[in-house]
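Enquirer: Here it is, the structure, as C-alpha cells.
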Amino acid sequence: MAETFANPVIPGFHPDPSICRVGEDYYLACSSFEYFPGVPVFHSRDLVNWRQIGNALDRPEQLPLSADTPSSAGVYAPTLRHHDGRFWLITTSIGGGGNILVSTTDPAGPWSDPVKLPGVHSIDPDLAWDEDGVCHCTYAGVGQVRIDPHTGTTISEPRRVWSGSGKAPEAPHLYRVGEYWYLMIAEGGTERGHSVAIARGPAPDGPFEPCPANPILTHRGVEHPIQNTGHADLVQAVDGSWWMVLLGVRPTGGTPGWHVLGRETFLAPVTWDDEGWPVVGELSTEQSVPPWPLQPVAPIPVRDDFDANDLAPHWISMRRRLAADCTTKERPGWLTLHARGASLDEPDVIFVGRRQQHLFCEVRALIDSTDGRGGLAVRLDEEHHYEIEAGDGHVRVFARLGTVRTQVAALAHPEPTAALAIRITETREPGGPRMGPDTIAFGLADADDSFTELAALSGRYLSTEVAGGFTGRVIGVYAASGTVHTDWFDYRPLEQTATEVRRGSGTG
C-alpha cells in the first residue's frame with residue numbers, strides 16, 4: 001500500500017492559504033480575522049509538514065483592531081510572495097486600516113509597518129510582478145490595478161479583467177507559467193458551493209479566456225469528507241512538479257453536517273494537460289506522499305508552562321493583546337490575565353487561546369482564581385461559546401447560545417486553585433440526520449490524571465453551520481474579573497475510535 005499523509009496539512013482554523021517557494025523552502029500564510037497577532041506564517045521543506053514561525057502582524061501598531069471590531073471581521077485573505085530579495089504580504093484588514101502591504105527579508109519577522117493601499121477597493125488582494133518589474137494587484141471582483149508596493153501608490157486606473165463564471169468571484173491569484181498568464185479565482189461562495197476556476201491570457205491584464213473544464217476543483221454535490229473546497233494557491237516544487245494549497249472543511253454528524261474546526265489548509269497535486277491547463281489530482285484526507293522524503297517538524301508542544309518571557313506564536317487573543325492585560329513576566333512561570341470584559345460575551349474580554357486542531361481532544365489548565373474569576377473556554381464568537389469558570393468558592397459551567405446565556409452546572413470548590421478540563425469526544429447523541437458533530441464535556445482534572453465531569457454539551461452549537469462566520473473553534477484561558485493566573489495549559493489529541501462520527505446522508 002502506498003505511503004500516505006494526513007490531510008489537512010495545517011489542521012484547525014487556518015483558512016485562505018497563500019504559498020510561495022524560495023529555493024528549497026516553502027512559506028505559507030493564512031487569514032486570522034478578529035484574532036491578534038494576525039496572519040500566521042508557516043515554513044516547510046516538504047509541503048506536508050509545517051511549523052509556524054511567526055505572525056506577519058504581531059505589533060498593535062500594525063493591526064489596530066478596536067474593541068468593536070465584529071467577529072469574522074479583522075484580517076481577511078493574505079497573498080504571500082517573494083520578489084527581488086524580499087517577502088511581500090498583502091491583505092485586507094476590515095476595521096484595521098483597509099488593504100495593507102508589509103514586507104521583510106525574514107518571514108519569521110519582524111515585518112515592516114503596513115503600507116496602506118487607498119487605491120485598492122476590494123478584498124482578497126494579490127501581487128504579481130511582470131518582466132518589467134511592474135507590480136499588478138488583482139482583487140475580488142475580479143479587478144486589477146498597478147501599484148508601487150513600496151509606497152502603496154496606484155499607478156494605473158482600475159479595470160475589470162475577468163468576471164468568472166459564477167457567484168462571488170474572489171481570491172484571485174495571477175501567475176506566469178510558460179507563454180501564458182494564468183488567473184485563478186474562487187467562486188460560489190465559501191460554503192458548500194465553493195470552487196476553483198482558472199483563465200489565461202497573453203498579459204497580466206488579459207484578455208483572459210476561461211478553462212473549458214472549469215471549475216477545476218469543487219466538491220459541491222459530491223459525498224466527500226472534504227467540503228467547501230476553494231480559495232486555492234499554486235506552487236511549483238523543487239523537482240518541477242506543481243501543487244495546490246486550498247481551504248476545505250470536514251463536516252461531521254447528520255444534516256446539514258457541522259464543521260467545527262473552521263476552514264483548514266489542504267494539499268493536492270496538480271498536473272498540466274496537453275492544452276496547457278492545470279488538472280487537480282486526488283484530494284483526500286489520506287493523501288499519497290509526494291515523491292520526495294518527508295521532513296517532519298516538531299509539533300506544537302502538548303503543554304505550555306509559561307516559562308518564556310513571550311508567548312509562542314500560536315497563542316492568539318481577540319482584537320488586541322496588551323502587556324498590561326496579559327503577561328508571563330508578572331508572576332514567573334505563570335500566565336497572568338487582568339480582566340476587562342466580564343465574560344466571553346464581551347468583545348474586550350481578556351482571552352489567550354490556541355486553535356482546536358483535532359476533531360477530538362482534551363484540554364487542561366491549572367487556574368489560580370484567588371484574586372478574581374476566570375477559567376477555560378471553547379469559543380467561536382461572542383454569541384457562541386462554552387466555558388468552565390473558577391472563582392468565588394465555586395466552579396461553574398456556562399453556555400452562550402445566540403441571545404441566551406445560562407449556567408449549566410455549579411460545584412462548591414473553596415480551594416483557590418483548580419485544574420479545569422475540557423474533553424471533546426465523539427457525540428453522545430442518538431444517530432440519524434440530527435446527530436451532532438461531537439460532545440464537549442467540562443470538569444475537573446484529578447491528580448491521578450482522571451476526569452470528573454460536571455456537564456456535557458452538544459458541539460453542534462459551536463459550529464459554523466449554527467453560528468455563521470468565517471472562523472473555527474479556539475480553546476483558551478480567560479479572566480472575567482480581577483486577576484487570574486494560569487500555571488500550565490495542556491492540549492492533547494484524543495484517538496478517534498472505530499465509531500468515529502460520520503456525516504449523514506443528504507449533507508451535500
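Enquirer: Give all pairs with beta carbons closer than 9 Å in which a residue from the stretch 442-463 that is within 30 Å of G257 (Cβ to Cβ) meets a residue that is outside any strand (DSSP E or B) and among the hydroxyl-bearing types (S, T, Y); count only pairs at least 6 apart in sequence or on separate chains.
Expert: S458/T427; G459/T427; R460/T427
Enquirer: Of all residues in the stretch 301-328, which are polar (S, T, N, Q) and surrounded by fewer than 16 Cβ atoms within 10 Å (Cβ to Cβ)?
Expert: Residue satisfying the conditions is N309 alone.
Enquirer: Could you tell me which residue of the stretch 127-153 is surrounded by the most Cβ atoms within 10 Å (Cβ to Cβ), considering only residues that are in a loop (DSSP other than H, G, I, E, B) and acidic (D, E)?
Expert: Selected residue: D130.
Enquirer: Here is a list: G333, G341, G353. Which entry is crowded, with 19+ Cβ neighbours inside 10 Å and assigned to a loop (DSSP other than H, G, I, E, B)?
Expert: Exactly one of G333, G341, G353 is crowded, with 19+ Cβ neighbours inside 10 Å and assigned to a loop (DSSP other than H, G, I, E, B), namely G341.
Enquirer: Suppose the filter is of a type in the set (A, V, I, L, M, F, W, C) and outside any strand (DSSP E or B); does L65 pass it?
Expert: Yes, satisfied.
Enquirer: Could you list all residues from the stretch 147-202 that are charged (D, E, K, R), modelled with pLDDT of 95 or more and within 18 Å of N228 (Cα to Cα)?
Expert: Hits for the stretch 147-202 are E170, E187, E191, R192.
Enquirer: Going through D25, D16 one at a time, which residue ends up being within 16 Å of A108 (Cβ to Cβ), in contact with a His (Cβ under 9 Å, 6 or more places away or on another chain) and assigned by TED's automatic domain parsing to the domain that holds S284?
Expert: So the residue among D25, D16 that is within 16 Å of A108 (Cβ to Cβ), in contact with a His (Cβ under 9 Å, 6 or more places away or on another chain) and assigned by TED's automatic domain parsing to the domain that holds S284 is D25.
Enquirer: V9 versus (1) among the aliphatic types (A, V, I, L, M); (2) under 23 Å from T104 (Cα atoms); (3) over 10 Å from the mean Cα position of the chain (by Cα): which is the lone unmet condition?
Expert: Answer for V9: the failing condition is (2).
Enquirer: While we're looking at this one, here's another question. Tell me which residues, restricted to the stretch 81-99, are of a type in the set (A, V, I, L, M, F, W, C) and more than 19 Å from the chain's Cα centre (by Cα).
Expert: F87, W88
Enquirer: I'm trying to understand the selection: among the residues of the stretch 440-473, which are among the polar types (S, T, N, Q) and part of a loop (DSSP other than H, G, I, E, B)?
Expert: If the condition is that a residue be among the polar types (S, T, N, Q) and part of a loop (DSSP other than H, G, I, E, B), then S450, S463, T471 are the ones that fit.
Enquirer: Please go through the stretch 33-47 and pick out each residue that is assigned to a loop (DSSP other than H, G, I, E, B) and either surrounded by fewer than 20 Cβ atoms within 10 Å (Cβ to Cβ) or in the same structural domain as V352 (by TED's automatic domain parsing) (or both).
Expert: Scanning the stretch 33-47 gives a single hit, R45.
Enquirer: Here's something else I'd like to know. Filtering the stretch 277-300 down to residues that are among the aliphatic types (A, V, I, L, M) and either modelled with pLDDT under 95 or not in a strand (DSSP E or B) (or both), which residue is surrounded by the most Cβ atoms within 10 Å (Cβ to Cβ)?
Expert: L283
Enquirer: Which of the residues spanning the stretch 252-276 are assigned to a loop (DSSP other than H, G, I, E, B), surrounded by 18 or more Cβ atoms within 10 Å (Cβ to Cβ) and out of contact with any helix residue (DSSP H, G or I) (no Cβ under 8 Å at 6 or more places or on another chain)?
Expert: Within the stretch 252-276, G254, L261, R263 qualify.
Enquirer: Restrict the check to the stretch 23-32 and report whether at least one residue is hydroxyl-bearing (S, T, Y) and either surrounded by fewer than 24 Cβ atoms within 10 Å (Cβ to Cβ) or without any contact (Cβ under 8 Å) to a residue 24 or more places away in the chain (or both).
Expert: yes
Enquirer: Still on this structure: If we keep just the residues of the stretch 237-251 that are surrounded by fewer than 19 Cβ atoms within 10 Å (Cβ to Cβ) and in contact with a Lys or Arg (Cβ under 9 Å, 6 or more places away or on another chain), which is farthest from N7 (Cα to Cα)?
Expert: It comes out as V238.
Enquirer: Here is a further query. Quick one: how many residues across the stretch 261-311 are closer than 20 Å to N214 by Cβ and of a type outside the set (S, T, N, Q)?
Expert: Within the stretch 261-311, residues that are closer than 20 Å to N214 by Cβ and of a type outside the set (S, T, N, Q) number 16.
Enquirer: Is at least one residue of the stretch 182-193 touching a residue at least 24 places away in the same chain (Cβ under 8 Å), among the polar types (S, T, N, Q), part of a loop (DSSP other than H, G, I, E, B) and farther than 14 Å from E209 by Cα?
Expert: Yes; the residues of the stretch 182-193 include at least one that is touching a residue at least 24 places away in the same chain (Cβ under 8 Å), among the polar types (S, T, N, Q), part of a loop (DSSP other than H, G, I, E, B) and farther than 14 Å from E209 by Cα.
Enquirer: Limited to the stretch 282-316, what total is found for residues that are touching a Lys or Arg at 6+ places or on another chain (Cβ under 8 Å) and hydroxyl-bearing (S, T, Y)?
Expert: Final tally of qualifying residues: 1.
Enquirer: Quick one: in the stretch 234-251, which of the residues that are part of a loop (DSSP other than H, G, I, E, B) and among the hydrophobic types (A, V, I, L, M, F, W, C) is farthest from I10 (Cα to Cα)?
Expert: Here the answer is V238.
Enquirer: Any idea how many residues of the stretch 372-418 are at positive phi and surrounded by fewer than 20 Cβ atoms within 10 Å (Cβ to Cβ)?
Expert: So the answer is 3.
Enquirer: Restricting to the stretch 220-236, name every residue that is modelled with pLDDT of 95 or more and under 13 Å from R250 (Cα atoms).
Expert: Within the stretch 220-236, H224, P225, I226, Q227, N228, T229 meet the criteria.
Enquirer: Let me ask something additional. Quick test for you: out of D113, D124, pick the one residue that is surrounded by 22 or more Cβ atoms within 10 Å (Cβ to Cβ), within 24 Å of the chain's Cα centre (by Cα), touching a residue at least 40 places away in the same chain (Cβ under 8 Å) and not in a strand (DSSP E or B).
Expert: After ruling out the rest, the residue left standing is D124.
The values are calculated or read from the model by the stated rules, or taken from the named source; none is laboratory data. Remember, predicted model here, so these are calculated numbers, not experimental data. Please note: Cβ atoms are built from the backbone with ideal geometry, for glycine as well, and neighbour counts cover all protein chains shown.
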